[in-house]
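Worksheet for the structure shown next.
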Amino acid sequence: MTPSPSDASANPDQLRVLFATPECSPLIKTGGLADVSAALPAALIALGVDARILLPGYREVLAQLPHCREIARLAPMAELPAARLLLGQTGAGVPLIVLDCPELYDRGGGPYQTEAGSDWPDNALRFGLLSRVAALLGSAASPLAWRPQVLHCNEWQTALAPAYLRYAAGASAATLLTIHNLAFQGIFDPGLVAALGLPADCFSPEGVEYYGKLSFLKAGLQLAGAITTVSPGYANEIQHEPLGFGLHGLLSARKDRLYGILNGIDTGVWNPATDPLISCRYDAGTLASKSNNKRALQQRLGLATTPELPLFAVISRLTEQKGLDWLLQIAPQILTLPAQLALLGGGDGVLERGFVALAQGHPAQASTRIGFDESLAHLIEAGADAFLMPSRFEPCGMNQMYSQRYGTPPIVRATGGLADTVVDCSPAALADGSASGFVFHEPSAQALLAAIKRATGAWREQKTWRALQRNGMARNFGWEASARRYAGIYAALASGG
């Protein structure tokens, strides 16, 4: 039986790690971070690491965890309100410590934004509390008997934890910060330093100060014992402009502590041979059955149920970062190939309205669903012929890996994790069995269109397409190798390395 997070570890030789995150699938999800937060701790446990998750008690989270029990009460500090710690577990059985503070988390909207799409005005306090509690649990002052040796922080929302530990007295856990997207930095007014319960002397270039502002992410990058990011390519890109977003100098200076570790995917959840959310299960030996999912997807979306047209799909936040303005620009040309286009996602209002108008004008060929639907996401991966990810930058990306596993070759721009995980369909790569998708380099709509046309030509050659599908399905994107790398870094940090 898994020991309670309120108890000391059942095995003192186990490495103890607290994984602090602002989201965790399926409890609360806005993007790939939630999938990582669910899958990586589970993979670490499978390797023998005593890993536990710390997550805010958003309304949506607590509604799914009715049987949580209280394990600690936390007093207010500065302008951070009182809170409780509740004990639950994920669907995979990973111990879950939920930070219950109704004043900060019991509200509608999303974890970071209001229903109208603007940032919560008290986000500094909401995630200051999360960072502070993560640090508390990694310190000698923790109210729990279980003490992590390593605190693994994720994104700016937990990146202030290394600062809390640095300026606290007493023994504390080593710290590691993972950058999932450097563009989001948690920058706030410097007057909040006192409100967050941090000492005045932390507001310096060696601490939390960033060009006269308070930056959660900069604090973590400056003070964490190690920094990781979610692909080797992105680790290199962020040491330079433009993808360093002003932090490239600091990251370059700390490159001896910066590691690029490719995200994995949950190969149990994302498996076309067992997926309960798709119309017809299949594997690399039964790829002909994939066409049943295409027909089911076309029917669900109201598209013409014709097998003669390639169906291109997108599941994404609708932002310029994702290159979806390029896609909208060339969408009419895609439809005249001819082809079909299906999109699931939400975000920028201009892009949303543009894709909705496209679908309304071409209902047999184009579909736009605003929002997120897990079952539809699975059916899209299984039913589409090819998957589009034309990102301007992409720290890692998950869908290009899901797509390859589902025999749905991705079309991607050569950046970050996309370049690390997709092999272009060249004659040489086809010959050696490594080709798994289509990669373009120039950041433009016309380069994307050229890649889509190239993919359409390959799709019409069944032998070539089957080779691409099988090559992608044979690749191993599971978490084990990456989890082992994390475990090695944890062990070095815990031993003072």
Hits in the stretch 95-121 - residues which are at pLDDT 95 or above, of a type outside the set (D, E, K, R) and not in a loop (DSSP other than H, G, I, E, B)
Pro95, Leu96, Ile97, Val98, Leu99, Pro102, Leu104, Tyr105
Residue check for Ser391: among the small types (Gly, Ala, Ser), farther than 22 Å from Gly302 by Cα and open to solvent by 10 Å² or more (accessible area, probe 1.4 Å)
no
Here the residues within the stretch 50-62 that are surrounded by fewer than 21 Cβ atoms within 10 Å (Cβ to Cβ) and touching a Leu at 6+ places or on another chain (Cβ under 9 Å) are Glu60, Leu62
Looking only at the stretch 259-277, which residues are part of a loop (DSSP other than H, G, I, E, B) and surrounded by fewer than 19 Cβ atoms within 10 Å (Cβ to Cβ)?
Thr267, Gly268, Asn271, Ala273, Thr274, Pro276, Leu277
Filtered residue count, the stretch 156-174, keeping only those that are modelled with pLDDT of 90 or more and over 26 Å from the mean Cα position of the chain (by Cα)
2
Suppose we filter Leu318, Leu337, Leu327 for residues that are free of Cβ contacts under 8 Å to residues at least 40 places away in the same chain, under 19 Å from Pro410 (Cα atoms), open to solvent by less than 60 Å² (accessible area, probe 1.4 Å) and not polar (S, T, N, Q); which single one remains?
Leu318
Do we have Ala141 as surrounded by fewer than 19 Cβ atoms within 10 Å (Cβ to Cβ), aliphatic (A, V, I, L, M), out of contact with any His (no Cβ under 8 Å at 6 or more places or on another chain) and farther than 20 Å from Gly207 by Cβ here?
yes
Kindly establish whether Leu130 is open to solvent by 10 Å² or more (accessible area, probe 1.4 Å), touching a strand residue (DSSP E or B) at 6+ places or on another chain (Cβ under 9 Å) and either modelled with pLDDT of 95 or more or not hydrophobic (A, V, I, L, M, F, W, C) (or both).
no
Test each condition in (1) open to solvent by 20 Å² or more (accessible area, probe 1.4 Å); (2) out of contact with any helix residue (DSSP H, G or I) (no Cβ under 6 Å at 6 or more places or on another chain) for Thr464 and report the one that comes out false.
(2)
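Here's a check for you: in the stretch 166-179, which residue that is part of a strand (DSSP E or B) and open to solvent by 20 Å² or more (accessible area, probe 1.4 Å) is nearest to Pro395 (Cα to Cα)?
Filtering the stretch 166-179 for residues part of a strand (DSSP E or B) gives 172, 174-179.
Narrowing further to those that are open to solvent by 20 Å² or more (accessible area, probe 1.4 Å): 172, 174.
On the way: Ser172: 30, Ala174: 25 Å.
Here the residue is Ala174.
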For the stretch 67-78, check the following and say yes or no: at least one residue is open to solvent by less than 20 Å² (accessible area, probe 1.4 Å) and either at pLDDT below 95 or under 17 Å from the mean Cα position of the chain (by Cα) (or both).
no
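What tally of residues in the stretch 338-371 results from selecting those that are out of contact with any helix residue (DSSP H, G or I) (no Cβ under 7 Å at 6 or more places or on another chain), over 27 Å from Tyr112 (Cα atoms) and in a helix (DSSP H, G or I)? Outline the logic, then answer.
Here is the first cut: in the stretch 338-371, the ones out of contact with any helix residue (DSSP H, G or I) (no Cβ under 7 Å at 6 or more places or on another chain) are 338, 340, 345, 347-350, 352-353, 356-357, 359-361, 363-364, 371.
After this cut, where a residue has to be over 27 Å from Tyr112 (Cα atoms) as well, the list is 338, 340, 357, 359-361, 363-364.
When the remaining residues are screened for being in a helix (DSSP H, G or I), the result is 357, 359-361.
Qualifying residue count, the stretch 338-371: 4.
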Tally of residues being of a type outside the set (Val, Ile, Thr) and either in contact with a Phe, Trp or Tyr (Cβ under 7 Å, 6 or more places away or on another chain) or more than 17 Å from Ser291 (Cβ to Cβ) (or both) across the stretch 445-471
16
Scanning for something assigned to a helix (DSSP H, G or I) and acidic (Asp, Glu), does the stretch 122-136 turn up at least one residue?
no
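The values are calculated or read from the model by the stated rules, or taken from the named source; none is laboratory data. Given the structure is predicted, the values throughout are model-derived calculations rather than measurements. In this analysis, Cβ positions are derived from the backbone assuming ideal geometry, glycine residues included, and neighbour counts consider all displayed protein chains. Protein only, heavy atoms only, side chains kept; ligands, DNA and RNA dropped before computing areas. Shrake-Rupley method; radii C 1.70, N 1.55, O 1.52, S 1.80 Å.
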